[in-house]
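Comments concern the structure below.
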Amino acid sequence: MLVLNHISKSLFSKEAVTDKDIEKYLLFIKETGLKDLITSQKIKNLVDYIIGVEAGLDSNGRKNRGGHSMEDIVGFFIADICKTRGFKYLKEATSEKIKSEWGFDVPVDKSSRRYDYVINTGKDIVIFETNFYGGGGSKLKSTAGEYRDLFNVLNSQYKFVWITDGNGWKSTSRPLRETFNHNDYIFSLDMIEKGVLDYLMS
């Protein structure tokens, strides 16, 4: 984060750009992984993606902004794989919505549960929850426990995928490990960007 802030202040605020600056820009794009995202065409709208990342990294933003940005970023990949494979998907889907749209009876662990994304492959459904934690705290431990319980509620009837990321997990690794050992699918954003959804949906 400090490196990104330093680069943005020293390079991107310049009025006149030299050839040497352009070399630094290109190095920045390569080292941050933006080059791979652009050339792989996994991101269809780069401007929206960058805005989402910027919001996710904004530590002074409102509390849940990182989580919403994470959902939006994952949404790009969900939409892309559904378009490629001819699947359908819902965002923020309740069990009632899934039932009315596709006829699947999906259990929930609490009445207010809205699954972030649900993909219909034509044969079954895959359920996704996403979140991003820039800092540590008790919330991470409770979230890990919540998604272990949710995995049990779904009872292997449907694939349940938890996509989570953020520096907060560095200081709360034990509950994450416990859920990783318990649940079938836990992915980071880096894994999503590297195509793990293609493997999952194959």
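The table below lists the values:
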read-out	value
Tally of residues being of a type in the set (S, T, N, Q) and more than 20 Å from Leu200 (Cα to Cα) across the stretch 73-98	2
Odd one out for Phe132, checked against (1) of a type in the set (Phe, Trp, Tyr); (2) surrounded by fewer than 20 Cβ atoms within 10 Å (Cβ to Cβ); (3) more than 25 Å from Trp102 (Cα to Cα)	(2)
Residue match in the stretch 188-201 (condition: under 23 Å from Phe77 (Cα atoms), crowded, with 18+ Cβ neighbours inside 10 Å, at pLDDT 95 or above and hydrophobic (A, V, I, L, M, F, W, C))	no
Among residues of the stretch 105-123, those that are touching a residue at least 40 places away in the same chain (Cβ under 8 Å) and surrounded by 15 or more Cβ atoms within 10 Å (Cβ to Cβ), counted	6
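Condition check ((1) under 20 Å from the mean Cα position of the chain (by Cα); (2) charged (D, E, K, R); (3) closer than 19 Å to Asp190 by Cα) across all residues:
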residue	(1), (2), (3)
Ile78	yes, no, yes
Arg85	yes, yes, no
Tyr89	yes, no, no
Ser95	no, no, no
Ile98	no, no, no
Val153	no, no, no
Lys159	yes, yes, no
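The values are calculated or read from the model by the stated rules, or taken from the named source; none is laboratory data. Predicted model, so just to flag it, every value in this text is computed and none were measured. For neighbour counting, all protein chains shown are included, and Cβ atoms are generated from backbone atoms with ideal geometry for every residue, glycine included.
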